[in-house]
Amino acid sequence: MIRELVKGLGTTLRYMFKRPVTVQYPEVKRPVRERFRGRHELKRFANGQERCIGCALCAAACPADAILVIPAENDPANPRSPGERYAAVYEINMLRCIFCGYCEDACPTNAIVLEHQYELSFYDRRAAIYTKEMLLVPPDKGHGEPPPILQQLNRQPSPPAKIDL
Amino acid sequence: MTTPTTDIATDRNVRPVSDNRRKILEATMKRFQYQGDALIEVLHKAQELYGFLSPELLSEVAQRLRLPPSRVYGVATFYHFFSLVPQGEHSCTVCLGTACYVRGAAHLLHDLETLSGVKAGHTSSDGRFSLLTARCLGACGIAPAVVLDGEVIGHADCSDLTARIQKLLGREE
Amino acid sequence: MSDVTLTIDGVQVTVPAGTNIVDAARQAGIAIPVFCYHPRLKPVGMCRMCLVQVGTPKVDPATRQPVLDANGQPVIAMMPKLQTACTTPVSPGMVVKTTTEEVRFAQRGILEFLLTSHPLDCPVCDKGGECPLQNLTMGWGPAVSRFDYNDKVHFEKPVKLGDLIYLDRERCILCGRCVRFQDEIADDPVLGFDNRGRNWMIISKSDPPFNSKFSGNTTDICPVGALTSSDFRFKARVWELQSKPVVCTLCPVGCNLTLDMRHDRLMRVMPRENAAVNDIWICDKGRYGHRFIEAPDRLTTPLVRRNGKLVPVSWDEALEVVADQLTLIRARHGGQALAGLAGPQLSNEDLYLFQKLLRELGSENIDTGIGGPAALPPDEIGGWLAPGPNTDLSKLGSGTVVLVIGADPEEEAPLYMLRLRGIAQRGGKLVVAGLRPTKLERSATQVVRYRPEGELAFVQGLLKAALEHSSRTATLERLAGWKELRAALERVSLNNLATACGLTVDGLNQLAKDFLTASQSLIVYGWEARSAGPALTEALAALMLLSGRTGTANNGIIALLPGGNSRGAIEMGVRPDAGPGYTPRKQRGLDANGIWDAAREGKVRAIWLAGVDPAAKLPVARAALEAAEFVIVQDLFLTASAEYADVVLPTASVAEREGTYTNAERRVQRSRQACAPVGESRPDWQIVAAVAQALAMVPIGGGRNGPIPVTTEAWSYMVAADVGNEIAAQVPGYAGITYAALAATGTGGSWGRQFDDAIYYDGTSYTNTEGVGLVLPALASKGTVNLTFTGKVTRFADERPMLLLEQVLAYDGDRHLRGSKLQSLIPRGYAAISADDAAKLNIHSGDRVRLISAAGEMVIPARVLADVPNGIILLPAGLADVMAAEIETGPRTRVNLAKVVTE
């Protein structure tokens, strides 16, 4: 019995001098992989215009029916996005989302990108619905470069982000 | 179905009373028994009389021939011959067909644009001079060809042409 | 026509001669892609998408016999070049190949070419998802383009063709479907092609632009996203929509609609195919005029007046107030102190229960509409003599005579204009008679234009001439008043009648003979004919009876009444003189005008308004509602009448409930629920049933006027179908018209939507899955016509020089049009006068004129219109700012016209 005890404590002793495998979350955060699919962001163009044109292809592609897009017509004098159409309402229900990334694939303008933020917890169901204001990046940030996976593979996004707006 | 009446007598297109062009146009339409098929002939006559087809004139022709205005507009804009804006008193048409182009018609046109201050296809602001282009006048043998007020000038060169134009406009010094 | 057998891709198919190859291939289940071809339009072969290889049997010139090969098969001579399948009619023995490499090469080429100038903006395009160009590119197009993307031509967009339609020039492939639709089907040739080459574009040069009541249909048949509806602009993607079948209640045609909903919100209105009613088209009023469903000012809770203010209450409270007050008034003053008016847009179920409850309470004071000086008695002729079962105007052509008298179908029932025009186009005889020109006249085979004094003469002349050609007077002899009418006709000479209406005796004779000898004959009349007085429509009824075919399919009278279910209202017995199914009542109640008078005299104490707003139009009604002790208003909105209401009950709109509607041809159609009712609103029939239930619970009983005869058991309807079944059982003529029977009435055509048929019809309209409705068995077919010839004509209080006629407009002040894109097309109030009359008084359009009649006077802007006859003033009484009741003395009014001179 003593032998087993010593054996066990020996293991403990041995690991005390090794680098720990765990991290002190949330004080320390482990970096995620480049291809990690976390919370969505709606990107902008370099001129600050929204990339999202409200085409709702992401909603059509979504297997979990987590996305709601209600489009509207741009004010020609002060357009929010290039072209005639923009998303007046853009909502993702994070409880429904399965982070499959189909929306990213479907997006013709690379507007929606699954970024690396993974801390998604809510006190109620309503809070799980992320609105456009929460998803849209600030005007001076995140101009929607091709998704990391494509950068890694040095490939152009598919479908080609060549649309007439 | 009710449509507002147009009072022909108050039409803006009518010049003073002495103007009998409208009567001639009316007679032309009458000769064709106001048939819609005669639209092109009527427009030809109108263009000949007025020099261009104003929107008022087009709607009146449409009304008289009982054709939809959109069709009359369509025909008038389809044919290059019809003009919807007033033409200058004098016109100079530079041929830009292949033969003329090879013989320097483009340079000629450019020089004329610079000298006259009128862009190709436009009329000078005083309404005296129009600079036009054509695809091929069928006078390739005398390229570059220019038509100045109906007169075909072969082997046109810039200085000669400028002098003629100045003469026409009565500005020879 | 004989049939032709041909071979398409090895499949033998037999089609009628004259069919084109595209249609023939479709019958064989072979898809030939098309853009410009549309089965309802004449083929033009503009887009070249339908190119196929065509060959015909080789004929020996010497013997005129087909040349046979070694196997005894005819040798086929293929045409040297590809042919357009849409413009090539089939011929016997023809061989068509649609899948050879040559054809594929051409199809790929055409699509590659079309796409060179088409923008890649499918993600923002409203057509995306139901776009023939997308579908055909997927099915037949090349995978890649050799075109340099940077050379793509860009235009400014969108171009506003009108308030309702936007044009995107880049997307347009110039197939001309829209231009041809406007020319051929709508008869509004307001679109055209402008310019040439790369600058070729669609233009509209009418005033106002794209001036057509059918413009929305061009967006349906546009094979790309070039023409889009301003109403649906960037609202939703088409794959998100759920399609709900309803029936349009805005006019008596009863077009089949599809409400496209996303998450219970109305996105757009589309036609639902019904060959016998609206085919695949709808008018713009139906397409754009359904925004009232989601108007922000819809009533959401019952309101009860407390201390002079309407306050929201629960249904239970409101119903209790209604039941208490009705019981109290009935106990004190008897059932005849109650009165009810219902609107003609309510469903049969609503109307049936409405009159049933009032009659159970002992009141016969029931009417449709709001009354007023121009109100006419219920139109019975259009019911007794309506066309019989299996009526289908879309099939009529040669051998048909249609007499349109005093009607403006374009404004009164827009889709009927297309139907009647179609009859004339297919070789039928279309006689349009009236006081003034209408758009339908342009399609007529004969136009009869008479002065007001000649209008009765025309119909009587026809009748007199017809009497000489027909001896089928057996039914007529039984009818009251016929002898007097006949005697009156014998007193006048045909010559005099002919002179009075501006025709010759021969002309009248010929027309009467044509009418009687045609294989189908129809009479259509509208407001103008009805306003002349019953004598006119009665003579038309006699004429119809003389044909001897009354009540059979495609033979009868179609009366264009205002409102979507006005025929249903008459048949459900919402009228003072007869119960459901034209059954006369022992005791006649008060009509709307009688109710107003009686209310002011204190004889009528409680007024129930269901879907009508008399206070907006009638000063007399305002006084009556003020005087009434208790007023119930049951409506979608807080109307002007609601100001006088003690209780306001919110009703569900047509989209929020089920119901059946009877159209002008007496076709009963079923409408389904598309979304949940707004707030706490309820369908009208439920409200009536709930009031009945509440009445049964009132403890005090009925006092000296007997106990309330309403029982909870008798009024326990659970669903609309329960009421529908009771109507089928109780209303004469409605036997067998149950919900189940209506649902089993087929699909009404074979068009379908693009999901069903990707190539051919593309988004034009939806398959009708809910049944096409049933035309009621004609009442006249049993020989029990019960009409009375009164011979009455509209009389005038005095003789003034001008005749004032109400003009029915499709886009008027109807509160159902609120919030719609049509608002900009609704004119401000005006009185239309002829150019000659205007010149005499020096009046120009926009000048204010004073109209003075025996009843009063009004000042209104004048509009000088070319096609108003001299001596006639047209007053669009339906407009919100035209208070016609102020000057009207009857359906027609004699007035003085004067210019208002302002210093």
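The values are calculated or read from the model by the stated rules, or taken from the named source; none is laboratory data. Everything quoted here is computed from the prediction, not taken from an experiment. Note that each Cβ is placed from the backbone with ideal geometry, even for glycine, and that neighbours are counted across all protein chains shown.
Across region C:98-132, the number of residues qualifying as more than 14 Å from every other protein chain (Cβ to nearest Cβ), crowded, with 16+ Cβ neighbours inside 10 Å and modelled with pLDDT of 90 or more comes to 8. Residue A:81 meets the conditions (1) within 10 Å of another protein chain (Cβ to nearest Cβ); (2) in a loop (DSSP other than H, G, I, E, B); (3) in contact with a helix residue (DSSP H, G or I) (Cβ under 9 Å, 6 or more places away or on another chain) in every case but one. The failed one is (3). State which residue is farthest from residue C:141 (Cα to Cα) when the search covers only region C:43-54 and only residues that are buried (at least 19 other Cβ atoms within 10 Å of the Cβ) and of a type outside the set (Val, Ile, Thr). That would be C:43. Might you let me know whether region C:234-247 holds any residue that is modelled with pLDDT under 95, surrounded by 19 or more Cβ atoms within 10 Å (Cβ to Cβ), in contact with a Leu (Cβ under 6 Å, 6 or more places away or on another chain) and more than 14 Å from chain B (Cβ to nearest Cβ)? For region C:234-247, residues modelled with pLDDT under 95, surrounded by 19 or more Cβ atoms within 10 Å (Cβ to Cβ), in contact with a Leu (Cβ under 6 Å, 6 or more places away or on another chain) and more than 14 Å from chain B (Cβ to nearest Cβ): present.
The conditions of being of a type outside the set (D, E, K, R) and closer than 17 Å to residue B:98 by Cβ are met by residue B:133.
The lone criterion from (1) farther than 25 Å from residue C:407 by Cβ; (2) out of contact with any Asp or Glu (no Cβ under 9 Å at 6 or more places or on another chain); (3) modelled with pLDDT under 75 left unmet by residue C:765 is number (2).
Between C:461, C:502, C:454, C:434, the distinction of being touching a helix residue (DSSP H, G or I) at 6+ places or on another chain (Cβ under 8 Å), of a type in the set (Gly, Ala, Ser), in contact (Cβ under 8 Å) with a residue 24 or more places away in the chain and within 14 Å of chain B (Cβ to nearest Cβ) belongs to C:434 only. Out of all the residues in region C:461-478, is one or more surrounded by 24 or more Cβ atoms within 10 Å (Cβ to Cβ) and either of a type in the set (Asp, Glu) or in contact with a strand residue (DSSP E or B) (Cβ under 6 Å, 6 or more places away or on another chain) (or both)? Scanning region C:461-478, I find no residue that is surrounded by 24 or more Cβ atoms within 10 Å (Cβ to Cβ) and either of a type in the set (Asp, Glu) or in contact with a strand residue (DSSP E or B) (Cβ under 6 Å, 6 or more places away or on another chain) (or both), so the answer is no.
Is at least one residue of region A:44-57 hydrophobic (A, V, I, L, M, F, W, C), on the phi > 0 side of the Ramachandran plot and buried (at least 20 other Cβ atoms within 10 Å of the Cβ)? Yes, some residue in region A:44-57 is hydrophobic (A, V, I, L, M, F, W, C), on the phi > 0 side of the Ramachandran plot and buried (at least 20 other Cβ atoms within 10 Å of the Cβ). Report the residue count in region C:818-835 for those that are among the hydroxyl-bearing types (Ser, Thr, Tyr) and touching a Ser or Thr at 6+ places or on another chain (Cβ under 6 Å). Matching residues across region C:818-835 total 0.
Reported count of residues in region B:157-170, each being at pLDDT below 85 and small (Gly, Ala, Ser), is 1.
Listed here are the strands (runs of 3 or more DSSP E) enclosed by region C:806-898 that have at least 1 residues being within 14 Å of chain B (Cβ to nearest Cβ): C:831-834, C:857-865, C:872-875. Within region C:295-313, at least one residue is modelled with pLDDT under 95, within 23 Å of the chain's Cα centre (by Cα) and either hydrophobic (A, V, I, L, M, F, W, C) or not in a loop (DSSP other than H, G, I, E, B) (or both). None of A:146, A:63 is more than 14 Å from every other protein chain (Cβ to nearest Cβ), modelled with pLDDT of 95 or more and not in a strand (DSSP E or B) except A:63.
When region C:151-171 is filtered for residues that are within 14 Å of chain A (Cβ to nearest Cβ) and either within 14 Å of residue C:220 (Cα to Cα) or among the β-branched types (Val, Ile, Thr) (or both), the ones remaining, listed by number, are C:153, C:159, C:166, C:167.
Restricting attention to region A:117-136, does a residue exist that is buried (at least 17 other Cβ atoms within 10 Å of the Cβ) and part of a loop (DSSP other than H, G, I, E, B)? The answer is no, given that none of the residues of region A:117-136 is buried (at least 17 other Cβ atoms within 10 Å of the Cβ) and part of a loop (DSSP other than H, G, I, E, B). Where strands (runs of 3 or more DSSP E) sit wholly within region C:131-248, those with at least 1 residues that are in contact (Cβ under 8 Å) with a residue 60 or more places away in the chain occupy C:165-167, C:227-229, C:242-247.
Would a scan of region C:342-355 turn up a residue that is closer than 30 Å to residue C:466 by Cβ, more than 20 Å from the chain's Cα centre (by Cα) and not in a loop (DSSP other than H, G, I, E, B)? No; the residues of region C:342-355 include none that is closer than 30 Å to residue C:466 by Cβ, more than 20 Å from the chain's Cα centre (by Cα) and not in a loop (DSSP other than H, G, I, E, B). The set of residues from region B:40-67 being in a helix (DSSP H, G or I), aliphatic (A, V, I, L, M) and within 14 Å of chain C (Cβ to nearest Cβ) comprises B:57, B:58, B:61, B:62. Go through the residues of region C:693-714 one by one and say whether even a single one is charged (D, E, K, R), within 20 Å of residue C:254 (Cα to Cα) and surrounded by fewer than 21 Cβ atoms within 10 Å (Cβ to Cβ). Scanning region C:693-714 turns up no residue that is charged (D, E, K, R), within 20 Å of residue C:254 (Cα to Cα) and surrounded by fewer than 21 Cβ atoms within 10 Å (Cβ to Cβ). In region C:58-71 there is no residue that is crowded, with 20+ Cβ neighbours inside 10 Å and either over 39 Å from the mean Cα position of the chain (by Cα) or closer than 21 Å to residue C:179 by Cα (or both).
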